[in-house]
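Novice: Quick one: this structure, given as structure tokens, is what I'll be asking you about.
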Amino acid sequence: MNETLQLKVENKLRLASTLVIAGLGLQLLTFLSNHPLAFLAFIFIGSPLVLAGTVLYLWSLMTAHD
Amino acid sequence: MVPAAIALTMALAMVILLFPSSTRQRGGKILAFFPLFILPAVVGSLGGMEHLERSKQTQFCLSCHVMTEHGRSLGVDDPNFLPASHFQNHRIPPERACYTCHTDYTMYGDIASKLRGLRHVYVYYIGAVPQPSEVKLYSPYNNRECLFCHEGARSFEEGVSHTLEPEIMPAIKSNEMSCLSSGCHDQAHRVATLKDQKFWAPPQPQQ
């Protein structure tokens, strides 16, 4: 894999990691409270962030050999 | 357990964030696969299940102040007051009092119930919150919840009022005759009457 392509993949991995960490961090915070809003934040904010990071990671794998 | 797993996944993802070039080697590629794909899916599922379990707790339901009076009604000092007598005599688990009798409420019900649950959150924070006495069930209380525990119990099956006429028991079991709204066991939460009630104070555990 050439250097330019490798750097692009690494940038996607950085972004994917950031999204996953942000989502997981929020999910972790929701466990501090036993309240409907914590549940909704877990489902509707934390989980989509993690999902976006995971999808971006998979996309970076698929485009690594373009 | 679940928070620890989430923290561990975050730590591994942090390694990829700080050292993305580690994925140039085979070992790094494998390392990235876990915190960016496998572990988030696993901890997300476990976390969702944990939240669902926590939402069955009485404390969760009573965390919205609209439900405060319904929670207070569990302490009424009157054996005929149905929710209170079930709660105080541990006929239902006190820590899961609401869910035990309302098993199809909001997120535990069908899609319409789930959407209603979201609407409740919207109304709670943005809309006009109803008075506790105005909070009503959307559909008549289902005998299924009562029969889950009482069906087959001698006190229920041989109860005088349940066997007074041969058609009563089948009507109860088929949900045609409501346990609550047919004038038999209609002392449910009745939050509008709480100001006239005496309340039971549970004994404090001794040190």
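The values are calculated or read from the model by the stated rules, or taken from the named source; none is laboratory data. Predicted model, so just to flag it, every value in this text is computed and none were measured. Neighbour counts run over all protein chains shown; Cβ positions are idealised from the backbone, glycine included. For the accessible areas, the whole protein counts, side chains as well, though only heavy atoms, and no ligand, DNA or RNA atoms are used. Shrake-Rupley method; radii C 1.70, N 1.55, O 1.52, S 1.80 Å.
Novice: Output the residue which, of all residues in the range B:25-43 that are surrounded by fewer than 18 Cβ atoms within 10 Å (Cβ to Cβ) and within 30 Å of B:T106 (Cα to Cα), is farthest from the other protein chains (Cβ to nearest Cβ).
Specialist: So the residue we want is B:V42.
Novice: Could I ask something else about it? Checking the condition more than 19 Å from B:S63 (Cα to Cα) and in the same structural domain as B:P83 (by TED's automatic domain parsing), which residue from B:A128, B:A192, B:A201 passes?
Specialist: Result of the check over B:A128, B:A192, B:A201: B:A192.
Novice: Determine if the range B:115-122 includes at least one residue that is touching a residue at least 12 places away in the same chain (Cβ under 8 Å), touching a Leu at 6+ places or on another chain (Cβ under 8 Å) and open to solvent by 40 Å² or more (accessible area, probe 1.4 Å).
Specialist: The answer is no; no qualifying residue exists.
Novice: Sticking with this structure for a sec: Would you confirm whether or not the range B:44-57 contains a residue that is in contact with an Asp or Glu (Cβ under 8 Å, 6 or more places away or on another chain), within 14 Å of another protein chain (Cβ to nearest Cβ) and more than 30 Å from A:L7 (Cα to Cα)?
Specialist: Yes, there is a match, as at least one residue in the range B:44-57 is in contact with an Asp or Glu (Cβ under 8 Å, 6 or more places away or on another chain), within 14 Å of another protein chain (Cβ to nearest Cβ) and more than 30 Å from A:L7 (Cα to Cα).
Novice: Follow-up. For the range B:87-106, indicate whether the set of residues that are surrounded by 15 or more Cβ atoms within 10 Å (Cβ to Cβ), within 30 Å of B:C184 (Cβ to Cβ) and facing chain A (nearest Cβ under 10 Å) is non-empty.
Specialist: Scanning the range B:87-106 turns up at least one residue that is surrounded by 15 or more Cβ atoms within 10 Å (Cβ to Cβ), within 30 Å of B:C184 (Cβ to Cβ) and facing chain A (nearest Cβ under 10 Å).
Novice: Quick one: in the range B:2-55, of everything that is of a type in the set (S, T, N, Q) and out of contact with any helix residue (DSSP H, G or I) (no Cβ under 8 Å at 6 or more places or on another chain), which residue is farthest from A:P36 (Cα to Cα)?
Specialist: Per the stated criteria, the residue is B:Q25.
Novice: Search the range B:136-165 for residues that are touching a residue at least 40 places away in the same chain (Cβ under 8 Å) and pair each with any residue that is not in a loop (DSSP other than H, G, I, E, B) when their beta-carbon atoms are under 6 Å apart and the residues are at least 6 apart or on different chains.
Specialist: From residues that are touching a residue at least 40 places away in the same chain (Cβ under 8 Å), the pairs are B:E145/B:C101.
Novice: Tally time: how many residues in the range A:8-28 are under 17 Å from B:S45 (Cα atoms) and at the interface with chain B (Cβ under 7 Å from one of its Cβ atoms)?
Specialist: Selection size over the range A:8-28: 6.
Novice: I'm checking my understanding of the structure. Among residues of the range B:3-19 that are more than 7 Å from every other protein chain (Cβ to nearest Cβ) and within 34 Å of the chain's Cα centre (by Cα), which one is most open to solvent (accessible area, probe 1.4 Å)?
Specialist: Among those residues, the one meeting the criterion is B:L8.
Novice: When you look at B:S22, is it among the polar types (S, T, N, Q) and at the interface with chain A (Cβ under 10 Å from one of its Cβ atoms), yes or no?
Specialist: It is true that B:S22 is among the polar types (S, T, N, Q) and at the interface with chain A (Cβ under 10 Å from one of its Cβ atoms).
Novice: Confirm whether B:G152 is in the same structural domain as B:V66 (by TED's automatic domain parsing), surrounded by fewer than 10 Cβ atoms within 10 Å (Cβ to Cβ) and either outside any helix (DSSP H, G or I) or modelled with pLDDT under 90 (or both).
Specialist: Considered against the rule, which asks whether it is in the same structural domain as B:V66 (by TED's automatic domain parsing), surrounded by fewer than 10 Cβ atoms within 10 Å (Cβ to Cβ) and either outside any helix (DSSP H, G or I) or modelled with pLDDT under 90 (or both), B:G152 comes out as no.
Novice: Residues in the range A:22-66 that are in a loop (DSSP other than H, G, I, E, B), open to solvent by less than 60 Å² (accessible area, probe 1.4 Å) and free of Cβ contacts under 8 Å to residues at least 12 places away in the same chain: how many?
Specialist: Of the residues in that region, 4 qualify.
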